[in-house]
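To start, the structure under review is shown below, and the notes come after it.
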Amino acid sequence: MTETGHFALVLAFALSLVQVALPLLGARTGDARLMAVGRPVAITCFAMTALAFAALVSAYMLSDFSVVNVFENSHSQKPMLYKITGTWGNHEGSMLLWVLILTLFGALVAAFGRNLPATLQATVLSVQGMVGVAFFLFILMTSNPFARLSPAPIEGRDLNPILQDVGLAIHPPLLYLGYVGFSICFSFAVAALIEGRIDAAWARWVRPWTLVAWIFLTGGIAMGSFWAYYELGWGGFWFWDPVENASFMPWLAGTALLHSAIVMEKRGALKIWTLLLSILAFSLSLLGTFLVRSGVLTSVHAFASDPSRGVFILAILVFFIGGALALFAWRAQALAPGGLFHPISREGALVLNNLFLSTATATVLVGTLYPLAIEAVTGDKISVGEPFFNLTFGPVFAVLLVAVPFGPLLAWKRGDVLAVAQRLSVAFALAALAGILALLFLDKNAALAALGVGLAFWLIFGALTDLAMRAGIGKVAPKAALRRLMGLPRSAHGTALAHLGLGLSTLGVIAVVTLQTETILTMKPGETVDVAGYTLRFEALNPHRGPNYTEDQGVFPVFDADGSQIATIISSKRLYTARRMPTTEAGIETLILSQLYVSLGDETDDGGIVVRIWWKPLVTLIWLGALVMMIGGTLSLADRRLRVGAPARPKKAGHAAATT
C-alpha cells in the first residue's frame, strides 16, 4: 500500500504537468479539445492525491514503522484517533494534506465550473495545476512521506504529546481548506490577467470560492485559538505568535477581497484592486507556509525543517508571488478601471473597509517579519509582541468596527450618511447603555473596557438594525414584517450574522482582556480558595494511567455561594512514556458563557502543589462568535444568486464570438 501511495503521488505530479500545459495551450490557440482535457485531468489528479493520502493514513493505522514518517510520529500504544490525526501532525504528512486540498479545489472547479467560459476555466485549471506542480515537486524531492526504513523498527517514537488532542483532528484541515482555498482566487486572478479581461461576471464567479476559503479559515483560526487555550495550559487565547499571524493575515486580506468583490459585482468598480487582493490573499498563505516550514521560526506551531526545504519553498514563494505581481504590473493598466461612485455610498463604505483591513494586514505583516529581517541583517534577536500589536493593529481595527454597521445601510452609488445615522440611533443608544452599565456595575475605573463593551454591542445591534430595516419592522404590521424578514435573500441574513458574530467575538475578547482575574497559590488537600464568587477546594492529587501516558490528576470540587457543589474540575500533569515528555492538561469548567480555568504547577516539599486559577468572563463568546460568522458565511454561500452562477453577458450583433 505504501508503494501504491508513492506511485500515486508521482502520477499526480505527472498529471499536474499535463494540467498546466494542454488546457493553457488550448486556451491560447482556441482548441476546444485541448481545453476540455483540463477537467478530467484535474479530477484524476485529485483522485491520485487522495489515494496517496489514504495510503499514508493506512500506514499510520497499521503502525507500519518501516515508513520513516510513521516511525518518527507514531506509536503502537497511541489511540486510533491520534494515529489518524498524526498523519498531518508532521511536516511531510501535512504537506500531503496541503496538496490534497489544492487538487480538491481544482477538481471542484472542473466539476462545477461548467458555466464558466471555456477559455477562462482552462486557464484557471492550468494556473492551479502550476501551483500543484511546484508543491508536488517539493514533496517528492525534499519531503517524501513514503520513505522506507530497513530494517523496520519494532516501535515508533510517538507523536508530539501536545498534538495528541482532538483539536488536531479539526484545526489543520480547516486551516488548510482556508489557506489553500485562496489558491482558486489566485488562479482566477492570474487567468484574468492572462486573458486581459475582467468584469462583473468574473467577480460573480470568484466570490463563492473566496467565501468558501474565508469560512474555513475563520473556523481554522478559531479552532487553533481554542486548542492553544485549553491544551497548552497557559490560559491565553491569542499570543500574536508569528505563525498565528501567518494565518490571520490571509483572513484579513480575504475579508477585504470578499467586500471588494461585492463592489465589483454590483457596480463594476474596484476591478484592479480586487485582482490585486486575489493575488495577495494567496501570497500571504504561501508566506505562512514558508514561515512554518523554513525553520526561521521557533514556535509550538512550526515544523522543524532543514534549510534546503526552506530554500525550496522560498523559491516557490518568489516564483508565484513575484510572477503574479509582475504580470499584474504588466497587464493591469490595460484593464478598464471600472465605474465611478460617490464617496458617501455603499461602495465608499466598502472601500473604507478595504482601506482599514489592508492597513491592519500591513501592521501585522511588519510586526511579524521585522524581527526576522533584523536577525538576518544584524544577527540580533528581538521580539515584537503584544504591546506593538495593541498600539498599531488595535486602533486601526477599532475604527473599522465603528464603521461596520454603516455599510449595509448605505445606498449604492450615492448614500445619505445622516439618514443612516438616524436609523442606527437606537443601536447607538443601546450600545451606549451597555457601556455605561459595564462602567457602573463591573469596574468603575475601566473606561476602556466600557468603550470596548459598547463597541461590541454597537456591532451586534447594528447587524440587527440592518435586518429590521430591511423587514420594515416598526413600519408595517408584525406579520408582514416577519414575512419580509423570512423572505430576505440568504446573503442578507448571512451578512448580518457575520457582523453579529464579529460583535460577539469582540465582546468576548474585551471581557477577557479587561475583566479576567488570575490567582496563583500553593494548595494542600482540603484547602479552599474563593474565585469570582465560587469556592474551589483542592481534594486530592490522584495517579492515573492512560493508553500511552501516566498522569497525576488534581481534583477540585466547585461550590457556589450557597455552598452547593455545582461541578468538579480535574486538572492534570501528564508524562508521555515514549518521549518522556511532560504536558499540562488544564481543567476547565464552563459556567454559562464564562469559565473557571485551573492549571497545575510544580509540587512543593511540604506536600502542596502550585495552582493557577483564572476566571475568564464571557470567554466562550470568542469562539461562539467565530461559529456565528461561519454560519453567516454559509448562509451567504447558499444564496440562490451565487448558486445559479453568473449572469450571461448580453449579446451584441457581430460580437457573438467574444461573448461565448
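FYI, it's all coordinate maths here, none of it is from the lab. Fair warning: this is a prediction, and the values are worked out from it, not measured in the lab. Backbone-built Cβ (ideal geometry, glycine too); neighbour counts: all protein chains shown.
Just a few scattered comments:
- Whether region 94-243 is rounded, prolate or oblate, judged on the alpha carbon gyration tensor where a/c under 1.5 counts as rounded: oblate
- Farthest positive-ward along the chain dipole, Cα basis, beta-carbon charges - from Pro387, Gly454, Thr210: Thr210
- The phi-based Karplus calculation (6.51 cos²θ - 1.76 cosθ + 1.60; θ = phi - 60°) puts the 3J(HN,Hα) values of region 313-328 at 5, 4, 5, 4, 4, 5, 5, 7, 5, x, x, 5, 5, 5, 5, 4 Hz, whole numbers, x for Gly and Pro.
- In region 1-164 the Cα-Cα distances spread across 10 Å bins starting at 0 as 12, 37, 26, 16, 8, 2 percent of all pairs.
- Note on Val124, Val37, Val131: ascending count of other Cβ atoms within 10 Å places them as Val37, Val131, Val124, the fewest first.
- Subtracting the Cα-Cα distance of Leu627 and Asp602 from 0.36 nm times their residue separation leaves 5.4 nm of extension gain.
- A straight line joining the Cα centroids of region 148-183 and region 117-141 runs 25 Å.
- Residue list for region 507-548, given a label point 7 angstrom along the Cα-to-Cβ vector of Thr568 and an amide N cut-off under 15 Å: 526, 537-544
- Global form of region 175-217, assessed from the alpha-carbon gyration tensor, a/c cut-off 1.5: oblate
- With neighbour counts taken as other beta-carbon atoms within 10 Å, the residues Leu596, Leu102, Leu624 rank, fewest first, as Leu624, Leu596, Leu102.
- Check: region 582-638 dipole with +1 on Lys, Arg Cβ and -1 on Asp, Glu Cβ, in debye: 520
- Placing pseudo-labels 7 Å out from each Cα toward the beta carbon at Phe7 and Val610 gives an inter-label distance of 5.7 nm.
- FRET efficiency estimate (nearest 0.05) - Cβ-Cβ, Ala111 to Leu488, R0 35 angstrom: 0.70
- Restricting region 461-510 to trypsin sites (Lys or Arg not before Pro) that sit in a DSSP loop and have at most 16 other Cβ atoms within 10 Å of their own Cβ leaves Lys475.
- Number of Lys pairs (Cα under 29 Å; 8 or more positions apart or on different chains) in the chain: 16
- About its Cα centre, the dipole of the chain is roughly 3680 debye, where the only charges are +1 on Lys and Arg Cβ and -1 on Asp and Glu Cβ.
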